[in-house]
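Q: Can you keep this structure in mind? I'll have questions shortly.
Values in this text are rule-based calculations from the coordinates and carry no lab data. Keep in mind the model is a prediction, meaning the values are calculated, not measured. We place every Cβ from the backbone using ideal geometry, glycine too, and count neighbours over all the protein chains shown.
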Amino acid sequence: MPYGIQQPAISGQISQLEKTLGTKLFHRRPFGLTPGGAKLFAAIEMFFSGLQQLPDQVRGHAAQHLRLASPAIVLRDYLPAILARYKRSYPDFKLTLHDANQARAEELLRQREIDLAITQVEGRPSASVHSCDLVRLRTVLVLPSRSRVRSLKDLFRFGTPAERLISLPPDEVLAKQFQAGLKRMGLSWHPAIEVGSLDLIDTYASLGFGIGLSLSTPGKKLSRGLRELPLSSFPRLNIAAMWIGDLSDLAARFLNDVKKISMKLNR
């Protein structure tokens, strides 16, 4: 408990609450909420999770503080320009950023550590999370311009490709969707080189270490000597915004600006 209250006092208060409600709220050993306790917690969680920010909100200091979570590709390719504009427009603008995938972003939202997440999504978010789709990026392979491979069929003509696959780690949505798509087609091609960013996929493909699994992003410039092979039979990667409850004025304005940018990318 972050409020400076000692454990005996907390136990006494909870016992009194259970007596007033006429029901047990949790099992002591091992600890676990009862159905009644879970229902009560769900009802009060939003209020208590916001107490840490309440003093700043009352003083008006929180109005220009934006707390975001996004994966590296979004933080690098799409947000810097708009965040720089906000920094110029709001003298007291403060920013908190988390590099997070969907699961981590939802956790941060439930803990009220962020206002908004803009991230790759795999399936629908949890029931308590609001979301809206922003942009769907096409899956591509990055290979040498001189390569004779013009389709996935060419690549698998003689079984598993001789070329080494360069990919993001297997827990990334892009990698999971690609491997699931191959499996549905009865094909197998596992990464020989795993890297942490799409930039590194481009780099290692340009150095001749293999073929990269990547995304086609508007305005992206490939390294010299590379080209993209679109994978039209594979699902596009969906990037969406997620939040819980009502957005602050600043977060709502930011989301609206992000939507405008996404509309241009979707053309």
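Q: Could you compute how fast region 7-49 diffuses translationally, taking Rh as the Kirkwood radius over C-alpha pairs and applying Stokes-Einstein at 20 °C with viscosity 1.002 mPa s? Give it in µm² per second.
A: Values: Rh = 11.0 Å.
The estimated diffusion coefficient comes to 195 µm²/s.
Q: Shifting gears a bit: Given R₀ = 25 Å, FRET efficiency for ASP246-ILE82 by Cβ-Cβ distance, to 0.05? Could the numbers behind the result be given before it?
A: Numbers: r = 22 Å, r/R0 = 0.87.
With R0 = 25 Å, the Cβ-Cβ based efficiency is 0.70.
Q: Now for a separate question. Taking the alpha-carbon centroid of each part, what is the distance from region 186-263 to region 77-118 in angstrom?
A: Centre-to-centre (Cα) distance: 18 Å.
Q: For the chain, what is the convex hull (Cα atoms) projected area averaged across all directions, in square nanometres?
A: Details: hull surface 76.9 nm².
Reported value for the Cα convex hull: 19.2 nm².
Q: Between ALA72 and ARG253, what is the FRET efficiency for a Förster distance of 22 Å, r being their Cβ-Cβ separation, to the nearest 0.05?
A: The computed FRET efficiency comes out at 0.35.
Q: If you line up the long axis of helix 35-49 against the longest principal axis of the chain, both from Cα atoms, how many degrees apart are they, to the nearest 10?
A: Approximately 80 degrees, to the nearest ten.
Q: Which one of VAL140, VAL121, VAL195 has the biggest mean-square fluctuation once the chain is modelled by GNM with Cα springs under 10 Å?
A: VAL195
Q: Report the gain in length on full extension from ARG157 to SER15: 0.36 nm times residue separation, minus Cα-Cα distance, nm rounded to one decimal.
A: 44.1 nm
Q: If you average 1/r over all unlike Cα pairs in region 121-267 and invert the result, what Kirkwood radius do you get in angstrom? It would help to have the intermediate numbers written out before the result.
A: Details: mean 1/r = 0.0593 Å⁻¹.
The answer is 16.9 Å.
Q: Of the beta bridges DSSP finds with both residues in the chain, what % are antiparallel, to the nearest 5? Mind showing how you got there, number by number?
A: Working: 24 of 37 bridges.
Among the beta bridges of the chain, antiparallel pairing accounts for roughly 65 percent.
Q: Of LYS94/LYS221; LYS176/LYS221; LYS94/LYS259; LYS94/LYS264, which ones are farther than 29 Å apart at the Cα? If you can, show how the numbers build up before the last one.
A: On the way: LYS94/LYS221 31 Å; LYS176/LYS221 25 Å; LYS94/LYS259 21 Å; LYS94/LYS264 27 Å.
Where the Cα-Cα span goes over 29 Å, the pairs concerned are LYS94/LYS221.
Q: Further question on the same structure: Between LEU182 and LYS260, what is the label-point separation in nm under the 7 Å Cα-to-beta-carbon projection?
A: Distance between the two pseudo-spin positions: 4.2 nm.
Q: Given R₀ = 25 Å, what would the calculated FRET efficiency be for SER145 paired with LEU97, taking r from the Cβ atoms and rounding to 0.05? Can you show the working numbers first?
A: Values: r = 36 Å, r/R0 = 1.43.
Here the calculated transfer efficiency is 0.10.
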